[in-house]
Amino acid sequence: MREQVQNQTMLRCVTNPSDTELWTWWETMQDDSAGRQWFSDAFPKTYADFVARFVSGMERCILFCDGDQVAGGYWLHDMVDADPDYPPYAWVRAHVAPAYRSHLMAEAWPVVCSIFEQWGYRHLFAATHVDNKPALACLTKTMQFTWVGDYPDFCFFDGKLGACTVYSRYAEDVGLAMRDAKLRTEHLLAA
């Protein structure tokens, strides 16, 4: 137990990752076939496409590093800043290397929330495939998100429409999460 606690305290939080850190994280995700199976078809297929989202500001990430290894990271996507009817909000994704899953999510989440709030995003939503049991448990138990609902045609997985469960960080944002999830689904089906 002592070794695990010492390891946790050595993790370095990185809000402006280098290309090397992003590459290491990308490689970790590519090597994780069990976790990668849950990535939707919208997830970038190449490293160049992946990193371009962060360079452009379209997405923002926070990494946690253990020496030269990336233990995991969280990132914002589909950030909305200019909706006159709602405060800024975003969708959050995460990928944690298998060796760190038991503790990084719980240890890092308060730090991540604080940084996301500094960036102006307090209102967060998440979606995961309805069969991704580890992520469903993490969202409700570890991250303490509120269940919003299941959306049968939320996104594509392996070229087929798939159902996702949607969550909101705060119960008071469930209506906004439902609205945005519905809009995302309608947009997908119209394309």
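None of the figures in this text is laboratory data; all of them are computed from the coordinates on show. Treat the numbers as computed from the prediction; the structure is a model and nothing was measured. Note that we place each Cβ from the backbone using ideal geometry, even for glycine, and neighbour counts take in every protein chain shown.
Computed over the chain, the P(r) curve from all C-alpha pair distances, binned at 5 Å from the origin, holds 1, 7, 16, 20, 22, 18, 10, 4, 1, 0, 0 percent per bin. Shown in residue order for the stretch 63-69 are the 3J(HN,Hα) couplings computed by the Karplus curve 6.51 cos²θ - 1.76 cosθ + 1.60 at θ = phi - 60°: 10, 10, 10, 10, x, 9, 9 Hz (x for Gly and Pro). For Val130, the residues whose amide H sits under 5 Å from its own are Ala163, Cys164, Thr165, ignoring neighbours fewer than 5 places away on the same chain, with H placed 1.01 Å from N.
By the count of neighbouring beta-carbon atoms within 10 Å, fewest first, Asp49, Asp85 end up ordered Asp85, Asp49. Close amide H partners of Phe145, meaning residues 5 or more places away or on another chain with modelled amide H under 5 Å apart, are Thr140. Annotation: the residues His123, His187, sorted from fewest to most other C-beta atoms within 10 Å of their own C-beta, follow the order His187, His123. Here the residues Phe154, Phe50, ranked from fewest to most Cβ neighbours within 10 Å of their Cβ, fall in the order Phe50, Phe154. Using the Karplus relation 6.51 cos²θ - 1.76 cosθ + 1.60 with θ = phi - 60°, the per-residue 3J(HN,Hα) values for the stretch 136-141 come to 4, 5, 4, 4, 7, 8 Hz, with x marking Gly and Pro.
Per-residue 3J(HN,Hα) values for the stretch 82-90, derived from phi via the Karplus relation 6.51 cos²θ - 1.76 cosθ + 1.60 with θ = phi - 60°, read 10, 7, x, 9, 9, x, x, 8, 7 Hz in sequence order (x marks Gly and Pro). All other residues whose Cβ lies under 14 angstrom from that of Gly67 are scored, Lys and Arg at +1 and Asp and Glu at -1, for a net of -2. Taking a straight line from the alpha carbon of Lys160, these lysines sit under 26 Å away, with near neighbours fewer than eight places off in the same chain left out: Lys45, Lys133, Lys182.
Between amide H atoms placed 1.01 Å from N, distances below 5 Å from Arg60 occur with Leu76, all of them 5 or more places distant or on a separate chain.
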